[in-house]
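K.L.:
Pasting in a structure now, in structure tokens, and then I'll have a few things to ask.
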Amino acid sequence: MTIEVIKNISVLFREEAKRPVSLLDYLKLNDLRINELLEDENRNGEFIIEFELEQDTITLSYEMHELEETSQVEYIVYFICKWKWIWEWYSERFLEYDIPFGIYPTIIDYAKARIRPLELMEEKILELEGFTKEDLLFYYGSGPFDDFEEANRNLNQILEFDEVNNKENMRKQGLYFDQVMEKWIQIPASLDIIENVIRALSNVSLRED
């Protein structure tokens, strides 16, 4: 069994017959978020994802509106979520702002620890403090609010139809078999690259108005 380490991930976008460019550069040039690009039915193209491994290079390409078979979401969304959730579950941290997992007794404690940027967190706290205890219970539940459980639920979505991988093997051996690349990936040695690439993509996934 050959075990690979991810040394780099390049994500490109090719609009129709044009040359491929960095997806992040394309989004910045066109003032778009990923969801806005996917919602544009008049725009066509393909995503090109290149994994540079220690002993190989794998290049994948997907039509812009093509859906991933098991999840029925666009491939680029599935790709980002998959590697984000693997990173978070293994690292026990949230990717976008590198916040460690915690367990919070109240929704206000949860908001203080989780919501970023700080200006948005402060706005949310003021909103929550305007609720009655009954309203907080009705809308958010009684708590506690457990980040570890959330990470497990997210990873379960990736492993739902996976007959090769399991959490015990991923945690103890640090191995994940990527069925798209058909390669065993050493998770710990690949975390830094996954973090840098997927964090940047996660931060342009939705328009924040």
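K.L.:
Using the structure shown, decide if GLY143 is on the phi > 0 side of the Ramachandran plot and modelled with pLDDT under 95.
P.N.:
Against the criterion (on the phi > 0 side of the Ramachandran plot and modelled with pLDDT under 95), GLY143 qualifies.
K.L.:
Test ASP40 against the criterion of being modelled with pLDDT under 95 and over 19 Å from the mean Cα position of the chain (by Cα), and give yes or no.
P.N.:
Yes: the conditions hold for ASP40.
K.L.:
Okay, moving on. Would you mind telling me which numbered condition in (1) in contact with a helix residue (DSSP H, G or I) (Cβ under 7 Å, 6 or more places away or on another chain); (2) at pLDDT below 95; (3) open to solvent by 30 Å² or more (accessible area, probe 1.4 Å) SER202 fails?
P.N.:
The number of the failed condition is (3).
K.L.:
Let me ask another. Within region 182-199, count every residue that is touching a Gly at 6+ places or on another chain (Cβ under 7 Å) and surrounded by 13 or more Cβ atoms within 10 Å (Cβ to Cβ).
P.N.:
2
K.L.:
Can I ask one more? Quick test for you: out of TYR104, TYR110, TYR97, pick the one residue that is under 23 Å from the mean Cα position of the chain (by Cα), exposed (fewer than 13 other Cβ atoms within 10 Å of the Cβ) and among the hydroxyl-bearing types (Ser, Thr, Tyr).
P.N.:
Exactly one of TYR104, TYR110, TYR97 is under 23 Å from the mean Cα position of the chain (by Cα), exposed (fewer than 13 other Cβ atoms within 10 Å of the Cβ) and among the hydroxyl-bearing types (Ser, Thr, Tyr), namely TYR97.
K.L.:
Which residues, counting only those in region 132-173, are without any contact (Cβ under 8 Å) to a residue 60 or more places away in the chain and assigned to a loop (DSSP other than H, G, I, E, B)?
P.N.:
Scanning region 132-173 gives THR132, GLY141, SER142, GLY143, PRO144, ASP162, GLU163, VAL164, ASN165, ASN166.
K.L.:
Kindly list, by first and then second residue, each pair from a residue in region 24-44 that is within 15 Å of SER202 (Cα to Cα) to a residue that is at pLDDT below 95 and open to solvent by less than 40 Å² (accessible area, probe 1.4 Å), limited to pairs with Cβ atoms under 6 Å and residues at least 6 apart or on different chains.
P.N.:
Filtered contacts from region 24-44: LEU27/VAL204; ARG33/VAL204; ILE34/VAL204; ILE34/SER205.
K.L.:
Across region 153-176, what is the number of residues that are surrounded by 15 or more Cβ atoms within 10 Å (Cβ to Cβ), under 21 Å from LEU60 (Cβ atoms) and over 18 Å from the mean Cα position of the chain (by Cα)?
P.N.:
Summing the residues that are surrounded by 15 or more Cβ atoms within 10 Å (Cβ to Cβ), under 21 Å from LEU60 (Cβ atoms) and over 18 Å from the mean Cα position of the chain (by Cα) in region 153-176 gives 2.
K.L.:
Ok, one more. On the given criteria, is GLN179 at pLDDT below 95, out of contact with any strand residue (DSSP E or B) (no Cβ under 8 Å at 6 or more places or on another chain), open to solvent by 70 Å² or more (accessible area, probe 1.4 Å) and not β-branched (Val, Ile, Thr)?
P.N.:
In short, yes.
K.L.:
Another question, if that's okay. Restricted to region 89-105, and to residues that are charged (D, E, K, R) and at pLDDT 95 or above, which residue is nearest to VAL204 (Cα to Cα)?
P.N.:
ARG93
K.L.:
Considering only region 113-131, state which residues are assigned to a helix (DSSP H, G or I) and under 26 Å from the mean Cα position of the chain (by Cα).
P.N.:
Residues satisfying the conditions are ALA113, ARG114, LEU118, GLU119, LEU120, MET121, GLU122, GLU123, LYS124, ILE125.
This table checks each residue for (1) buried (at least 18 other Cβ atoms within 10 Å of the Cβ); (2) assigned to a loop (DSSP other than H, G, I, E, B); (3) modelled with pLDDT of 95 or more.
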| site | (1), (2), (3) |
| --- | --- |
| VAL11 | yes, no, yes |
| LEU24 | no, no, yes |
| GLU69 | no, yes, no |
| TRP87 | yes, no, yes |
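K.L.:
Go through (1) free of Cβ contacts under 8 Å to residues at least 12 places away in the same chain; (2) surrounded by 14 or more Cβ atoms within 10 Å (Cβ to Cβ); (3) part of a strand (DSSP E or B); (4) of a type in the set (Ser, Thr, Tyr) one by one and return the number of the condition TYR78 breaks.
P.N.:
Only one criterion is unmet by TYR78, namely (3).
K.L.:
Return the pairs, sorted by first residue and then second, in which the second residue is aromatic (Phe, Trp, Tyr) and surrounded by fewer than 13 Cβ atoms within 10 Å (Cβ to Cβ), the first residue lies in region 62-73 and is over 17 Å from LEU12 (Cβ atoms), the beta carbons are less than 7 Å apart, and the residues are 6+ apart or on different chains.
P.N.:
Close Cβ pairs (under 7 Å, with a partner that is aromatic (Phe, Trp, Tyr) and surrounded by fewer than 13 Cβ atoms within 10 Å (Cβ to Cβ)) amount to THR70/PHE161.
The values are calculated or read from the model by the stated rules, or taken from the named source; none is laboratory data. Being a predicted model, the structure only gives us computed values, none of them experimental. A quick note on method: Cβ atoms are made from the backbone with ideal geometry, for glycine too, and the neighbour counts reach across all protein chains shown. These accessible areas exclude ligands, DNA and RNA; they are computed on the full protein's heavy atoms, side chains included. Shrake-Rupley method; radii C 1.70, N 1.55, O 1.52, S 1.80 Å.
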